[in-house]
Structures are given as C-alpha cells and as structure tokens.
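Undergrad: To start, I am sharing the structure in question, which I have written as structure tokens.
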Amino acid sequence: MTDSTETTLSVERTLELAAPPEGVWRALTDPKELARWFPDRVDQDGFGPGAQGRFFWENHGAYAFRVEAAERPKRLVWCWARDAETPLDEGVTTQIEWVLEPRAHDASPLRVRLRPAGGSGRQLQGLGRGARRAGGASLRLSAGGGRG
C-alpha cells in the first residue's frame, strides 16, 4: 500500500532591501533579470495574470509556471510545478507570493515579504537564497550598474 499524502510547507520570509519597488519588480518579472538570480533561463508568454512559461535549470530540468496575480509593483503570485517536465495541472505545485512594501521611516526603503507554500524544502531554501540575490540585482539595476 502506498501513502500518497503530501506535506505542505509554508514559510514567510521578510527581506529589507535598499532598492526601489520598480527595481525589485523588474528582478521578479523580466526574464533576463529573473534568470540572473533564480533559474538559468525563463521562457514565458508575459507576466500578467494567467501568463505561463517554464523555468529552466541546467542540472534540474524545466518547470512549468503560471502567474496567478500581478499588481505592479506591489504584489506578484506565481505557482510552479514541483517536478521537472510535469504540467501544472498534473502534479504538485509550489505557490509563491511576493509582497513589496515601501518603507519611509528607516534606512530600508523596501520590505519584501516572500510567502512560499506547498513546495519541497529544497525549492523553498533555493528560493530564499535567490531572493537575497534578487535584492542585490535590483540594487545594481537601480544604480545603473553593470549586469552580473
């Protein structure tokens, strides 16, 4: 007998970045900027609600994703397949909600709340590391610096 019960993980992480919301939004939605910190490559048909595409990692394969909600530059929700080469509607997915909150009262002008749910521990750890890199990428973008 096989137990098909899936464990759902949910984590909320808050990052405080010295970056403008538009720069972080670009790091989350522009395929070239997103590929600097998360997958190796992104193929997509847009980043509005309902847009679909695939995240590619050289050593892990291609993962289907769909944008569930997009409120520029405040909130972005996407889900992606937990298993490589699996259509979204045929497998377990991870949902990620990015909430960008400008802050006026201290030195960190942006708070990013990252709320992943339903993914594997490996996916969620990788996303957390990538989100820190996204903050650095958006800082370079906003300062007009070169690409990494």
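Undergrad: Quick one: if the Förster radius is 30 Å, what FRET efficiency do LYS74 and ASP40 give, using the C-beta to C-beta distance and rounding to 0.05?
TA: On the way: r = 28 Å, r/R0 = 0.93.
E between LYS74 and ASP40, to the nearest 0.05, is 0.60.
Undergrad: What is the sum of charges, Lys and Arg at +1 and Asp and Glu at -1, for the other residues whose Cβ falls under 11 Å from the Cβ of ASP45?
TA: Around ASP45, the charge tally is +1.
Read-outs: derived from the displayed coordinates by stated rules, not from any lab. Just so it is clear, the structure is predicted and the values come from calculations on it, not from any experiment. Heads up, the Cβs are rebuilt from the backbone with ideal geometry, glycines too, and the neighbour counts pull from every protein chain shown.
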